[in-house]
1. From the list Phe106, Phe66, exactly one residue is of a type in the set (Phe, Trp, Tyr), surrounded by fewer than 15 Cβ atoms within 10 Å (Cβ to Cβ) and either touching a Pro at 6+ places or on another chain (Cβ under 9 Å) or touching a residue at least 12 places away in the same chain (Cβ under 8 Å) (or both). Which is it?
2. Please work out which residue is farthest from Asp34 (Cα to Cα), limiting yourself to region 109-142 and to residues that are surrounded by 12 or more Cβ atoms within 10 Å (Cβ to Cβ) and of a type in the set (Val, Ile, Thr).
3. Is at least one residue of region 50-63 touching a residue at least 12 places away in the same chain (Cβ under 8 Å), of a type in the set (D, E, K, R) and touching a helix residue (DSSP H, G or I) at 6+ places or on another chain (Cβ under 8 Å)?
4. Scan region 64-92 for residues that are in contact with a helix residue (DSSP H, G or I) (Cβ under 8 Å, 6 or more places away or on another chain) and either of a type in the set (Lys, Arg) or under 17 Å from Leu137 (Cβ atoms) (or both) and jot them down.
5. Restricting to region 22-49, name every residue that is in contact (Cβ under 8 Å) with a residue 40 or more places away in the chain and farther than 12 Å from Pro131 by Cβ.
6. With Phe58, Phe67 as the choices, which residue is under 17 Å from the mean Cα position of the chain (by Cα) and in a helix (DSSP H, G or I)?
7. When only residues in region 70-81 that are among the charged types (D, E, K, R) and either in a loop (DSSP other than H, G, I, E, B) or closer than 21 Å to Thr134 by Cβ (or both) count, which is modelled with the lowest pLDDT?
8. Could you pull out the residue among Val118, Val86 that is over 20 Å from Ser22 (Cβ atoms) and either at pLDDT below 95 or of a type outside the set (A, V, I, L, M) (or both)?
Amino acid sequence: MRYILFVALIGLFISSCSDKSSTLQGRWELDEIDYTAHYKSIPEEAREMIRAAMNKAFKKLKGKTFFTFSENEKLTLEAPNFLNQVKTTEGTWKMNATQDSLRFLFSDEEENYKIDLVNVDSLILSTSDIPARTLILLRKTD
């Protein structure tokens, strides 16, 4: 019994130390954007108005926004523009040496995220950049 527990713990340890960049590769769908941290920085009287506007904007993105991470650090972002037409933007992604943060580079824009979770099904990224937010992405397997 101890042997089975030991093997299971070693397997868990090895999988937690594995290369996150290879786990990241593939197509991910934006499932949710959490602005809780951002809302705390807004005066209380304006929070509900801002929350309603952010929720309305996210509804246009849900089910239409995809991140594709390629093994050569290429990033493809598919997302609707303000006319609700899906636009494809090419960029790059880079994970830091400790594999706990991720940088997206597009032609004139850079976004930096902390990796809160990455596994075969879920990717959770957070940033304190304004507006502070957490992105929740789910792997697409179609």
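The values are calculated or read from the model by the stated rules, or taken from the named source; none is laboratory data. Since this is a predicted model, take the numbers as computed values, not measurements. Methodologically, a virtual Cβ is constructed for each residue, glycine included, from the backbone with ideal geometry; neighbour enumeration extends over all protein chains shown.
1. Selected residue: Phe106, the only one of Phe106, Phe66 that is of a type in the set (Phe, Trp, Tyr), surrounded by fewer than 15 Cβ atoms within 10 Å (Cβ to Cβ) and either touching a Pro at 6+ places or on another chain (Cβ under 9 Å) or touching a residue at least 12 places away in the same chain (Cβ under 8 Å) (or both).
2. Restricting to residues being surrounded by 12 or more Cβ atoms within 10 Å (Cβ to Cβ) and of a type in the set (Val, Ile, Thr), the top hit is Val118.
3. Yes - at least one qualifying residue is present in region 50-63.
4. Of everything in region 64-92, those that are in contact with a helix residue (DSSP H, G or I) (Cβ under 8 Å, 6 or more places away or on another chain) and either of a type in the set (Lys, Arg) or under 17 Å from Leu137 (Cβ atoms) (or both) turn out to be Phe69, Ala79, Pro80.
5. Ser22, Thr23, Leu24, Gln25, Gly26, Arg27, Trp28, Glu29, Leu30, Asp31, Glu32
6. So the residue among Phe58, Phe67 that is under 17 Å from the mean Cα position of the chain (by Cα) and in a helix (DSSP H, G or I) is Phe58.
7. Glu71
8. Among Val118, Val86, only Val86 is over 20 Å from Ser22 (Cβ atoms) and either at pLDDT below 95 or of a type outside the set (A, V, I, L, M) (or both).
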